[in-house]
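These notes are about the structure you will find just below.
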Amino acid sequence: KEKTHPSEWNVDEVVEWVRGKGFGEDVCAKFTEQEITGDVLLELDVNLLKNEIGIMAFGKRVRIANAIAELRR
C-alpha cells in the first residue's frame, strides 16, 4: 500500500496512516492542524505528541509513538 517512503508523505497521507492505525478523528484533526508531514511524523515522540500536538491521554501518546517507531524500522 505504501508507495512512497514515510518521510515523503504529505499531510493527507500521514492522516490516512493515522486513521489506518485505528486512531480517531480527534488525532487526525490535530495532525492536520499542525501540518504533520511524513518527515515530521518520524521525529515525533511522546513529549512532542503532548506539548506540540496536544494529545493529552498518555496511553494514546504511547500507542502513537509505538506506531511511529514501527514506521522508522
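On C-alpha positions alone, give me the angle between the axis of helix 58-72 and the longest principal axis of the chain, in degrees, nearest 10.
So the inclination is approximately 20 degrees.
Whole-Hz ³J(HN,Hα) for each residue in the stretch 41-57, computed from phi via Karplus 6.51 cos²θ - 1.76 cosθ + 1.60 with θ = phi - 60°, x for glycine and proline: what do you get?
Ordered by residue, 3J(HN,Hα) equals 3, 5, 8, 6, 10, 4, 5, 5, 4, 7, 6, 9, 8, x, 8, 8, 6 Hz.
Determine ³J(HN,Hα), in whole Hz, for all residues of the stretch 3-12 in sequence, where each value follows from phi through the Karplus function 6.51 cos²θ - 1.76 cosθ + 1.60 and θ = phi - 60°; x replaces Gly and Pro.
Using θ = phi - 60°, the values come out as 6, 9, 5, x, 5, 9, 5, 8, 4, 4 Hz.
Starting from the Cα gyration tensor of the stretch 4-73, take the square roots of the eigenvalues, sort them a ≥ b ≥ c, and report rounded, prolate or oblate (rounded when a/c is under 1.5, otherwise prolate if a/b is larger than b/c, else oblate).
In terms of gyration-tensor shape, rounded.
Give the cross-link partners of Lys21 among the aspartates and glutamates, using a straight C-alpha distance below 20 Å as the criterion and excluding same-chain residues fewer than 8 apart.
By straight Cα distance, Lys21 reaches Glu2, Glu8, Asp12, Glu13, Glu33, Glu35, Asp39, Glu43, Asp45, Glu70.
Any read-out appearing in this document is the output of simple, stated calculations on the displayed coordinates, not a laboratory observation. Since we're looking at a predicted model, the values are computed, not measured.
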